[in-house]
1. Could you work out how far the C-alpha centroid of region A:53-103 sits from that of region A:106-130, in angstrom?
2. Run the numbers on chain B and let me know its relative contact order in percent, using alpha-carbon pairs under 8 Å that are six or more apart.
3. To the nearest 100 Å², how much accessible surface do chains A and B hide from each other in total, with a 1.4 Å probe?
4. I need the phi-derived Karplus couplings for region A:84-100: 6.51 cos²θ - 1.76 cosθ + 1.60, θ = phi - 60°, integer Hz, Gly and Pro marked x.
5. How large is Rg/Rh for region B:61-138, to two decimals, with Cα atoms and a Kirkwood Rh?
6. Could you list which residues have their amide H under 5 Å from that of B:Arg57, counting only those 5 or more apart in sequence or on another chain, with H placed in the peptide plane?
7. So for chain B, considering every pair of alpha-carbon atoms, how many percent are separated by more than 24 Å?
8. What gaps in nm, shortest first, separate B:Asp54 from its twins in the other copies when you place the label 7 Å past Cα toward the beta carbon?
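The values are calculated or read from the model by the stated rules, or taken from the named source; none is laboratory data. All figures in this text were calculated on a predicted structure; none of them were measured in a lab. A quick note on method: Cβ atoms are made from the backbone with ideal geometry, for glycine too, and the neighbour counts reach across all protein chains shown. Surface areas here come from the heavy atoms of the whole protein model, side chains and all, with no ligands, DNA or RNA. Shrake-Rupley method; radii C 1.70, N 1.55, O 1.52, S 1.80 Å.
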There are 2 protein chains.
Amino acid sequence: MADVPPEPDELNTGLLLFVAYRAMENRIFAALERAGFDDFTLAQARVMQRIGPDGTRLTELAESAQVTKQTASHLVDQLERTGYVRRTPDPTDARARLVRLAERGVAAQPVAAAVLAEVEDEWRAHLGERRWRQLREALASLREITDPYR
Amino acid sequence: MADVPPEPDELNTGLLLFVAYRAMENRIFAALERAGFDDFTLAQARVMQRIGPDGTRLTELAESAQVTKQTASHLVDQLERTGYVRRTPDPTDARARLVRLAERGVAAQPVAAAVLAEVEDEWRAHLGERRWRQLREALASLREITDPYR
DNA sequence: GACGGTCGTCAGAACCTCGAACTAATCTGG
DNA sequence: CCAGATTAGTTCGAGGTTCTGACGACCGTC
């Protein structure tokens, strides 16, 4: 958690990841806001983006977003109240409930996807196709040893 | 903010960055905790890690950590109270004050640096030297267009 | 020396996050 | 088939984080 660059001018890898991550997140969040989806927060978005097309269990959302179940539950409460998601029973397990995108959530999805693609295109243009591929590939590989949820 | 993978099984880049970033952060935070530095929070650490060897202005800390000045000020308050940092006057500007690592902060630094190096070594081993270099290089290049601070 | 801009703080409110404790449903071994 | 262990999710309450807005002090310049 301290800056002791092993080689001059090289930022530590955690910070490098953070900068890029936040840039992406901020871009998408800002675009959604401009498109009229201004009634949710970043924390809510971080959970919402992980909902799969067929719904996702709360516990699964919590794990992949790296928050506790309580936090996830709380955020889903809010998202439900503002019409972005809906809780439905899980047919395979009466204890569980599937969180699904509701009308407003479905409407926001293409906006988010468009900006995501736009930013990725910008990054690809900046890096060049080859280095972009390498970056994606390295990150995906890293995920094998860094993703506790996976 | 939605998952519409352009190609099957490919996670969106924001999520890939997030996973790796959080893995690094959690590792370092946990190691510090084990080493007895258990009286500060993740938010405080995010600010503390950006303090340079000669001290850093509050505004600068806020910008690079991407929080408001008020938030940074609040976190520095706490860090000062627990002996990790100290506020000293900036000789070049009487309005400003330099935030510097205090005794406890200096003690924590090598622990953090060691784990950082350890994790980077693990990642390098997993990816292989070549892909590791490519990852670092791509992230550093990306920073040119994603870092609002620098 | 007056002006606009910058550095940092204070105060207040909203929000996020977690630990503990709980209900309900599932699973497992005898 | 049923008692105990486990898992899904919720509620409650406390503490931490973050922002907006307003402010006093200081800088640089004209």
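1. 26 Å
2. About 21 percent, as a whole number.
3. Chains A and B together bury approximately 5900 Å².
4. Coupling constants for region A:84-100: 8, 9, 9, 9, 10, x, 8, x, 8, 7, 5, 6, 8, 9, 8, 8, 10 Hz.
5. Looking at region B:61-138, the ratio lands at 1.14.
6. B:Val99
7. Cα-Cα pairs of chain B separated by over 24 Å account for 44 percent.
8. Between copies, matching label points for B:Asp54 lie 6.0 nm apart.
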